[in-house]
Amino acid sequence: MGIWLVLFILYALSIKNVRKQLPNLLSTIFNKKILIWLISMTLYFIVIILVLKHFELWETRQVKDTIIWFLFVGIVFSSRAVGKAKDILFFSTVVVDNIKIIALIEFITNLYSFKLWWELIQVFIITILAALSVLIDHPSYSKAKDSKPLKNFINTILSILGFMILIHSIISFINNWDELIVKNLLLDLFLPLSLSVSFIIYVYLFVLYAAYEILFIRIGFKQTIEDRYRLKLKIRILVYCNLSLYRVTHFIQRSLIMNSYIRNPSELKRIFANYRSFNERKQIQEDSNIS
């Protein structure tokens with residue numbers, strides 16, 4: 001494992017553009033928000049596994065496959081959802097796509113394993129590369145110049161490893177058809193499905209929190225809102241939008257708050273009246289288009 005790690009580091013450091021990006025990458029890794037996100041996501045994932053284990057829907061032999069799912073699907077899904085998810089439709093679409101593709105691949109790759117020493121190397125390298133790939137996609141790092149070479153290099157290595165594992169598993173699947181255990185097959189097939197559905201809760205709440213944070217930051221810079229109404233405004237927004245990601249992401253546009261003054265209670269109420277009025281007009285327009 002040490003030899004592979006040394007070779008990987010030496011090759012990566014031999015690329016000039018990769019070396020130039022290391023400071024930005026390290027600063028991103030130790031970013032407070034990134035650490036909170038990774039820790040909270042990991043804790044939630046552990047809870048999911050404990051629940052599945054309690055109901056005998058998860059076995060210790062699935063540790064490697066569970067880690068791979070977390071790195072390739074869980075973390076990537078969570079990081080990409082921020083900024084792209086505008087409503088619940090995004091999550092349902094992603095889950096359906098994951099179920100169609102990942103369920104079949106994991107079902108096959110879960111059936112047969114490599115030797116222990118090679119699996120340890122696999123998990124280690126995949127963990128490092130997947131973490132780096134996600135961090136590169138983070139806005140604070142992706143804005144750095146010449147980030148494409150490092151991203152392409154990591155994706156190439158991940159693709160090669162994934163292809164090797166898939167080919168090995170398919171060959172073993174064909175050669176050992178008579179030795180398959182039905183219970184293990186069902187559990188392996190159920191694993192990616194259950195993880196994908198369960199993980200939606202965390203990702204949705206995480207994206208909702210990020211959307212609220214962006215909304216409140218933008219409102220915080222609005223000088224036409226008197227200070228004594230800022231807290232009231234935030235509370236009213238929390239009550240009105242609640243857990244609706246759709247309402248949060250569309251609040252500024254539909255409430256016209258960036259073009260309004262808030263100096264008294266009536267002007268505060270008008271912000272939410274604007275939002276409701278916009279929704280009513282939009283619904284009337286949609287109904288007329290259907291008819």
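When the stretch 262-285 is examined, which residues are found to be under 17 Å from V248 (Cα atoms) and among the polar types (S, T, N, Q)? Answer for the stretch 262-285, where residues must be under 17 Å from V248 (Cα atoms) and among the polar types (S, T, N, Q): N274, S277, N279.
To keep it simple, each residue is scored yes or no on (1) part of a helix (DSSP H, G or I); (2) in contact with a helix residue (DSSP H, G or I) (Cβ under 9 Å, 6 or more places away or on another chain); (3) farther than 15 Å from R247 by Cα; (4) charged (D, E, K, R).
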site: N184; (1), (2), (3), (4): yes, yes, yes, no
site: D188; (1), (2), (3), (4): yes, yes, yes, yes
site: S194; (1), (2), (3), (4): yes, yes, yes, no
site: F199; (1), (2), (3), (4): yes, yes, yes, no
site: F206; (1), (2), (3), (4): yes, yes, yes, no
site: Y209; (1), (2), (3), (4): yes, no, no, no
site: E213; (1), (2), (3), (4): yes, no, no, yes
site: I217; (1), (2), (3), (4): yes, no, yes, no
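Within the stretch 198-238, the set of residues being within 14 Å of Y275 (Cα to Cα) and of a type in the set (V, I, T) comprises I237 only. Just one of the listed residues (W58, W69) is modelled with pLDDT of 75 or more and outside any helix (DSSP H, G or I), namely W58. Does the stretch 273-285 include one or more residues that are among the hydrophobic types (A, V, I, L, M, F, W, C) and either surrounded by 14 or more Cβ atoms within 10 Å (Cβ to Cβ) or within 33 Å of the chain's Cα centre (by Cα) (or both)? So far as the stretch 273-285 goes, yes, one or more of its residues are among the hydrophobic types (A, V, I, L, M, F, W, C) and either surrounded by 14 or more Cβ atoms within 10 Å (Cβ to Cβ) or within 33 Å of the chain's Cα centre (by Cα) (or both).
Using the structure shown, decide if F45 is at pLDDT 90 or above and more than 18 Å from the chain's Cα centre (by Cα). No: the conditions fail for F45.
When the residues of the stretch 212-262 are narrowed to those that are among the hydroxyl-bearing types (S, T, Y) and in contact with a Ser or Thr (Cβ under 8 Å, 6 or more places away or on another chain), which ends up surrounded by the most Cβ atoms within 10 Å (Cβ to Cβ)? Residue satisfying both the conditions and the ranking: S260.
The values are calculated or read from the model by the stated rules, or taken from the named source; none is laboratory data. Given the structure is predicted, the values throughout are model-derived calculations rather than measurements. Every residue, glycine among them, receives a Cβ derived from its backbone with ideal geometry; neighbour counts consider all protein chains shown.
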